[in-house]
1. Just checking, how many residues over segment 81-100 are among the charged types (D, E, K, R), modelled with pLDDT of 95 or more and loosely packed, with under 14 Cβ neighbours inside 10 Å?
2. hydroxyl-bearing (Ser, Thr, Tyr) and either more than 12 Å from the chain's Cα centre (by Cα) or over 27 Å from Gln47 (Cβ atoms) (or both), is that true of Ser89?
3. Tally up the residues in segment 106-127 that are within 15 Å of the chain's Cα centre (by Cα) and open to solvent by less than 70 Å² (accessible area, probe 1.4 Å), please.
4. For segment 12-21, check the following and say yes or no: at least one residue is touching a Lys or Arg at 6+ places or on another chain (Cβ under 9 Å), assigned to a loop (DSSP other than H, G, I, E, B) and surrounded by 14 or more Cβ atoms within 10 Å (Cβ to Cβ).
5. Keeping to segment 54-85, report how many residues are outside any helix (DSSP H, G or I) and farther than 22 Å from Ser106 by Cβ.
6. Limited to segment 41-65, what total is found for residues that are surrounded by fewer than 15 Cβ atoms within 10 Å (Cβ to Cβ) and over 17 Å from Phe143 (Cβ atoms)?
Amino acid sequence: MEHVYTSHISWTGNLGTGTSGYKSYARTWDIAITGKETIHCSNDPLQGGDPGKMNPEDLLISSLSACHMLWYLHLASDAGITVLDYEDSPVAKGEVLKGGAGRFISAILRPKITVQAGINLDAATAIHHEIHKVCFIARSVNFPVFYEPEFIISHLPSS
């Protein structure tokens with residue numbers, strides 16, 4: 001089944017003279033999708049962007065992590081593994097070549113997962129290595145993604 005995703009990108013960086021010179025405009029834009037909150041973006045701060053706004057690299061690593069999380073929760077549920085909390089602080093590494101072209105060279109997902117006591121931690125860990133087969137984002141990137149999960153065992157009754 002084919003899925004279609006749409007977005008609307010609007011450049012917001014015209015400081016009055018458009019792109020009349022390299023430093024005469026801001027590298028800012030908005031992502032607007034009907035019915036969703038607008039995201040105000042900029043380019044990487046290392047390239048003069050606004051550090052207070054999301055940049056494409058932030059959005060890519062965040063999307064990769066979120067897709068992984070959603071599939072992890074799904075597969076854990078299917079396997080009878082009760083997840084009570086999940087958070088991730090992923091790290092992506094990139095390189096910039098002499099001409100200025102850049103690319104991601106790797107990513108590490110570091111999910112901290114709270115699970116119900118009594119689960120099989122080997123099975124819970126193995127799920128991470130199955131997600132790349134089904135996650136849209138993981139299947140679309142051309143750099144290696146590594147996993148360093150941490151499990152916290154909860155002895156509280158699940159609700």
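The values are calculated or read from the model by the stated rules, or taken from the named source; none is laboratory data. All values reported here derive from a predicted model rather than from experimental measurement. Because the Cβ atoms are built from the backbone with ideal geometry, glycine has one as well, and the counts that use them run over all protein chains shown. Just so you know, the surface numbers come from the protein's heavy atoms only, side chains and all, with ligands and any DNA or RNA stripped out. Shrake-Rupley method; radii C 1.70, N 1.55, O 1.52, S 1.80 Å.
1. Looking only at that region, the number is 3.
2. Criteria not met by Ser89.
3. 5
4. Filtering segment 12-21 down to residues touching a Lys or Arg at 6+ places or on another chain (Cβ under 9 Å) leaves 13.
Checking which are assigned to a loop (DSSP other than H, G, I, E, B) leaves us with 13.
Filter once more, keeping what is surrounded by 14 or more Cβ atoms within 10 Å (Cβ to Cβ): 13.
Yes, there is a match, as at least one residue in segment 12-21 is touching a Lys or Arg at 6+ places or on another chain (Cβ under 9 Å), assigned to a loop (DSSP other than H, G, I, E, B) and surrounded by 14 or more Cβ atoms within 10 Å (Cβ to Cβ).
5. Here is the first cut: in segment 54-85, the residues outside any helix (DSSP H, G or I) are 54-55, 79-85.
With farther than 22 Å from Ser106 by Cβ added as a condition, the list becomes 79-85.
Residues meeting the conditions: 7.
6. Of segment 41-65, the ones surrounded by fewer than 15 Cβ atoms within 10 Å (Cβ to Cβ) are 45-48, 51-52, 56, 58-59.
After this cut, where a residue has to be over 17 Å from Phe143 (Cβ atoms) as well, the list is 45-48, 51-52.
Looking only at that region, the number is 6.
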